[in-house]
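Please read the structure below before turning to the comments.
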């Protein structure tokens with residue numbers, strides 16, 4: 001049985017509004033920046049699979065979440081890769097709070113151009129006892145500053161559908177599913193507005 005999940009959160013505490021007044025930024029290499037659990041963030045991959053310097057997670061699904069022991073057992077065999085840009089979660093601290101910045105220079109993620117990709121895969125045994133495999137890929141982006149939200153969907157200024165609302169400030173712009181057991185393969189959804197990240201850049 002495939003388990004398509006939509007838990008795309010990175011595991012860091014919420015970062016307060018960043019101020020452009022801070023001209024100097026602190027890098028991970030300083031050894032002073034802290035993760036949500038209070039540990040010092042290092043360069044390279046940590047034991048869970050996060051590489052904050054390279055803005056990537058590559059590991060087991062349950063390791064992407066804090067306090068997952070009580071609910072994550074059904075998903076423990078899922079392999080997960082996440083990639084994100086600097087606006088989603090930076091690899092430096094420019095607002096001086098000792099943590100990695102989120103949507104630096106913006107009051108929220110709206111209009112920031114932040115994006116995240118999520119790639120999940122797992123093998124399973126079907127009802128005939130045969131080994132099968134499913135993979136799921138999704139792109140999410142921060143809604144443009146002039147976008148509107150209606151009926152659980154984000155729309156561009158000209159009324160074109162952007163994608164389903166997720167995390168309030170984001171839209172799903174592309175979904176791909178492959179499942180050998182169910183015969184599913186290919187695109188599930190592509191945003192009529194755009195599935196390309198460049199379209200959501202603040203410069204556009």
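Read-outs throughout are calculated quantities, based only on the coordinates presented, and are distinct from any laboratory measurement. None of the values given here were measured: they were computed from a predicted structure. Note: ideal-geometry Cβ built from the backbone for every residue, glycine included; neighbour counts use all protein chains shown.
Based on C-alpha pairs under 8 angstrom that are at least 6 apart in sequence, the stretch 77-136 has a relative contact order of 34 percent. With the simple spin-label model, which puts each label point 7 Å out from Cα in the Cβ direction, the residue 204 to residue 54 separation comes to 2.7 nm.
Note down the nm distance, to one decimal, between modelled labels 7 Å out along Cα→Cβ at residue 108 and at residue 34. With each label placed 7 Å out from Cα toward Cβ, I get 2.8 nm. How fast does the stretch 106-204 diffuse by Stokes-Einstein, in µm²/s, taking the Kirkwood radius from C-alpha pairs at 37 °C and 0.692 mPa s? For the chosen part, D equals 225 µm²/s.
Protection proxy ranking, highest mean first, for peptides 89-97, 54-62: 89-97, 54-62, where packing is the per-residue count of other beta-carbon atoms within 10 Å, averaged. Applying 1/(1 + (r/R0)^6) with R0 = 41 Å to the Cβ-Cβ distance of residue 178 and residue 24 gives a FRET efficiency near 0.35. Quote the relative contact order of the chain in percent (integer), defining contacts as alpha-carbon pairs under 8 Å separated by 6+ residues. It comes to 16 percent, rounded to a whole number.
Full-extension gain between residue 42 and residue 153, please, as 0.36 nm times their residue separation minus the C-alpha to C-alpha distance.
36.2 nm
Using 0.36 nm per residue and subtracting the Cα-Cα separation, the extra length available between residue 79 and residue 66 on full extension is 3.0 nm.
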